[in-house]
Structure formats: structure tokens, C-alpha cells
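The values are calculated or read from the model by the stated rules, or taken from the named source; none is laboratory data. Keep in mind that what you see is a predicted model, and the values were worked out from it rather than measured. Neighbour counts are summed over all protein chains in view; Cβ atoms, including those assigned to glycine, are modelled from backbone coordinates with ideal geometry.
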Amino acid sequence: MNRSTRHPLAWLLAVPVAAAVALFALPLLGILLRAPWSRLGEQLASPAVHDAMRLSLLSSLGALAAAIVLGLPLAIWLASGRSVLRTAVRVVVMLPIVLPPVVGGIALLLAFGRAGVVGAWLDRWFGVTLPFSTAGATLAAAYMGMPFFVLAVEAGLRAFDRRHLAAAATLGAGPVVRFATVTLPMVRPSLQAGALLCWARALGEFCATQTFAGNLAGTTRTMPLACSVAMETEPELAIVLSLILSTVSIAVLLLLRHRWVGPR
């Protein structure tokens, strides 16, 4: 494309591009301009922030652990072939990505609540009650975050050149050795991306957690929930919590930048 055709196109794109950038940048700018910078240390030292951060880290890291323990085998199975069963399972697993989070919370309540399909059995036989507990908040975070891990890892496994496994097999490596020394190193970028996406999604979970686990201070009130409560009574605290969550989100995107823009 020569200069005479490139410049008019650039001018035509300038206005919608600027409008799109403003749409996403102005809300972030609003947080930065309204943040109580002079009282930031005081706000960060408040017990409400400490409790919310502790619960957010606990639930999000618990969701990430569940994704590794359950999601990794699931991703391996999904990537190992094509069948109607795998397609059906994939749809069920990916559903939380497109499902309204409040619907996800209701579904969790109907499944794991005290009168739920599984929850009633857990309560009757083991005395385990998940709703309105920290474990319930972790379950909600895992339900909403794990699909991102499975999706990223399955994509990495499908793109993996299996001829490397065949070569390792000819050298006498068994299935476990091949998986540990060939497959995992080759799909490490997908594992890292999936883990970051899962953790970030779990950290920011709101509706499903509130619907299933409630909004109990010190028990299930994670940072997004604390932010919502503070907006009604302590707007400055809400802005500080929003600033923390925004900073974490930006850091995750920067760490993943090569996955969605590719190398220069």
C-alpha cells in the first residue's frame, strides 16, 4: 500500500479508534484521578481490606489448585481425541465462560446447597455445608475460573507436535517420563497462560460468589464483594479496592501480552 492510499485510511480510522480507546481508558482514568492517594496507606491498612484480600487470595489460589488437579487431566483427555462425548463435556465445561455469573451462582446453589442435588447428601452424610462458607466461595471461584485454564491447556496440547513423543518413545521413555520431560515443557506457555487467566478470573469473581456463598465479612466477602459494599458507605475504600484489582488485572495482561499480540 503506497502513501497516498495509506493516509486517507488512517484518517478514516482515527476517530473510531480514538473513541474506542477512550471508552476503555476513561474508566481507568477515573479510578486514578479519584483515588485517595494521600490516604492510600491508611485505607490499605484497614481490617476490611486485609480480610477482603485474604479471602480473595484464599479463594483464587484454591480455584487455581483445583484447576491444576482437576482441569489438567480434563484438558489432556479433551485434547486426546474427537468424539460426541468430548464435545458434550467441552460444552458443559466452557459454559461458565458465557453463562451470566448470577445464573452460575444459582446453579451452584441448586447443586451444592443444603437442599441441592449433591449438597443434601453432603450435609446428611458428612455434615458438610458449602453455601455461605469460605469453601463455597472457593468453589464458586473455581467454577467460574477453571474453564479458562482448560481452554488454554487444551489448545496448547492440540497444537503440540506429537512426533516429539514418538521420538522419545523410540528412545525407551515410558508414558510418565514422556509426559514429564516432553509434553509439559512443550506446553508450558499454555499452562502459564491458563493458570494466570484462571487465577485472575477467580480473583475478580463477584455474582456467583455472592449468590452461592453470600457476602459475609471475614468469611466470604472477597475484594469484589467488599468493593460493592464499600461503594454504598465508604466510596474511598471502594476506589482503593478497585485500584488494587485494576492493578492486578493490568499485571496479568502484561504477563500475557505475547500470547495475544505475538512476538514483534
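Being at negative phi, surrounded by 11 or more Cβ atoms within 10 Å (Cβ to Cβ) and part of a helix (DSSP H, G or I): is that true of ALA66 here? So ALA66 passes the test. You will find that of LEU64, LEU44, LEU32, the residue that is at pLDDT 95 or above and either in contact with a helix residue (DSSP H, G or I) (Cβ under 8 Å, 6 or more places away or on another chain) or over 24 Å from GLU205 (Cβ atoms) (or both) is LEU64 and no other.
Taking residues in the range 25-41 that are in a loop (DSSP other than H, G, I, E, B), and partners anywhere that are hydrophobic (A, V, I, L, M, F, W, C), the pairs with Cβ atoms closer than 8 Å and at least 6 places apart or on different chains are ALA35/ILE239; ALA35/VAL240; ALA35/LEU243; PRO36/ILE239; PRO36/VAL240.
Scanning the range 149-162 for residues that are within 14 Å of LEU78 (Cβ to Cβ) and either buried (at least 24 other Cβ atoms within 10 Å of the Cβ) or of a type outside the set (Gly, Ala, Ser) (or both) returns PHE149, VAL150, LEU151, ALA152, VAL153, GLU154, LEU157, ARG158, PHE160.
Among all residues of the range 114-125, there is none that is at pLDDT 90 or above, crowded, with 22+ Cβ neighbours inside 10 Å and out of contact with any His (no Cβ under 9 Å at 6 or more places or on another chain). For VAL49, the requirement of being among the β-branched types (Val, Ile, Thr) and free of Cβ contacts under 8 Å to residues at least 40 places away in the same chain is not met. Among the residues examined, LEU72 qualifies as in a helix (DSSP H, G or I), surrounded by 12 or more Cβ atoms within 10 Å (Cβ to Cβ) and not polar (S, T, N, Q). Here the condition is being surrounded by 23 or more Cβ atoms within 10 Å (Cβ to Cβ), farther than 23 Å from ALA195 by Cα and of a type outside the set (Ser, Thr, Tyr); of LEU109, LEU130, it holds for LEU130 alone. Checked against (1) out of contact with any Phe, Trp or Tyr (no Cβ under 8 Å at 6 or more places or on another chain); (2) under 19 Å from HIS50 (Cβ atoms), ARG257 meets all criteria but (2). Exactly one residue out of VAL103, VAL93 is in a helix (DSSP H, G or I) and either among the acidic types (Asp, Glu) or surrounded by fewer than 16 Cβ atoms within 10 Å (Cβ to Cβ) (or both): that is VAL103. Test SER59 against the stated conditions and say whether it is at pLDDT 95 or above and among the polar types (S, T, N, Q). Taking the combined requirement at face value, the residue satisfies it.
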